[in-house]
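Reviewing the structure listed below.
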Amino acid sequence: MTKIENIKLICFDLDGTLVDSVPDLRLALNAMMDEFALPHCQDEQIKTWVGNGLPKLVERALLYVGNQQVEQQTALSCFEKHYQHFLNSASGLYPKVAETLRALKNKGYQTALVTNKAEQFLPDLLSHFNISDCFDLVIGGDTLARNKPDPMQVDFALAHFNVAKTEAVMVGDSKNDILAGQNAGLLSIALTYGYNYGEPVSLLNPDHIIDQFNELLVLL
Ligand SMILES: O=C(O)COP(=O)(O)O
Ligand SMILES: [Mg+2]
């Protein structure tokens, strides 16, 4: 693995990259299903629904259980109530995430969290894992008009730090991250352990592929 030179800004995805969030998403989804007398979902299914934000996750779950009667907006409000409750119950950081983020900050990189998860959940989640101070900028899935795979969030981060696209890299687990990076003209680094709709993230031709988060310290 050779070092990627001249990088100033690292954009990080959240779910499936930093946090294994499916256990809490499952608790919240199934609490929602209980309210509507609908069947439960399992982790293996939920993993294939993460990545396009919480409204899409709820929509995919309702479709999967064959829901005919509950309105999407009603279900989403119910899910959000339960997700706020279960937010930090069973999810965890992937190995070496906190120490690697700190090491990268110590090396002097600017850092942005670029996630499709709704903004309202981010402060609690980051502070629970004690990583709030690892990010100079946090951009949620509903912070701007469009989210990944659209490049808008990445472009916003580039402008915020006044960094050229050749000086930034996108790190993520799913095709939305790689495409958002590619659409913004950034190099991309893919993690193989996250959620990518059940498909290998290598299909998206990221510039670099790593199996462990701390391998970032070899690349950056
Ligand atoms: O889909 C979500 O809610 C979050 O996804 P992301 O953090 O992987 O962008
Ligand atoms: Mg992700």
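Coordinate-derived values only; no laboratory data. Fair warning: this is a prediction, and the values are worked out from it, not measured in the lab. Ideal geometry is used to build each Cβ from the backbone, glycine not excepted, and the neighbour counts take in all protein chains shown.
With viscosity set to 1.567 mPa s and temperature to 4 °C, compute the Stokes-Einstein D of region 1-110, Rh being the Kirkwood radius across alpha carbon pairs; µm²/s, no decimals.
82 µm²/s
Return one number: the angle in degrees, 0 to 90 and rounded to the nearest 10, between the long axis of the Cα atoms of helix 72-86 and the longest principal axis of the Cα atoms of the chain. Its long axis makes an angle of about 70 degrees. Report, to the nearest 10°, how far helix 175-184 tilts away from the longest principal axis of the Cα atoms in the chain, using its own Cα long axis and a range of 0 to 90°. The two axes meet at around 40 degrees.
Between Met1 and Glu35, the C-beta separation translates, for a Förster distance of 45 Å, into a calculated FRET efficiency of about 0.40. Can you tell me the orientation of helix 54-64 relative to the chain, as the angle in degrees between its alpha-carbon axis and the longest Cα principal axis, to the nearest 10? Around 50 degrees separate the two axes. The label-point distance for His128 and Gln42, in a model that sets each label 7 Å from Cα toward Cβ, rounds to 2.4 nm.
Contour minus end-to-end for Tyr197 and Val163, with contour as 0.36 nm per residue of separation and end-to-end as the Cα-Cα distance? Intermediate results must be reported in sequence, preceding the final value.
Details: separation 34, 0.36 × 34 = 12.24 nm, distance 3.14 nm.
Length gained, Tyr197 through Val163: 9.1 nm.
On full extension, the segment bounded by Asp150 and Lys105 gains 13.6 nm, given 0.36 nm per residue less the C-alpha separation. For region 22-86, the Kirkwood estimate of the hydrodynamic radius, built from every pair of different alpha carbons, is 11.3 Å.
The average projected area of the chain, computed from the convex hull of its Cα atoms over all directions, is 11.1 nm².
Based on every Cα atom in region 105-220, Rg and the maximum pairwise Cα distance Dmax equal 13.6, 36 Å. Given R0 = 35 Å, the distance between the Cβ atoms of Val65 and Asn183 translates into a calculated FRET efficiency of 0.60.
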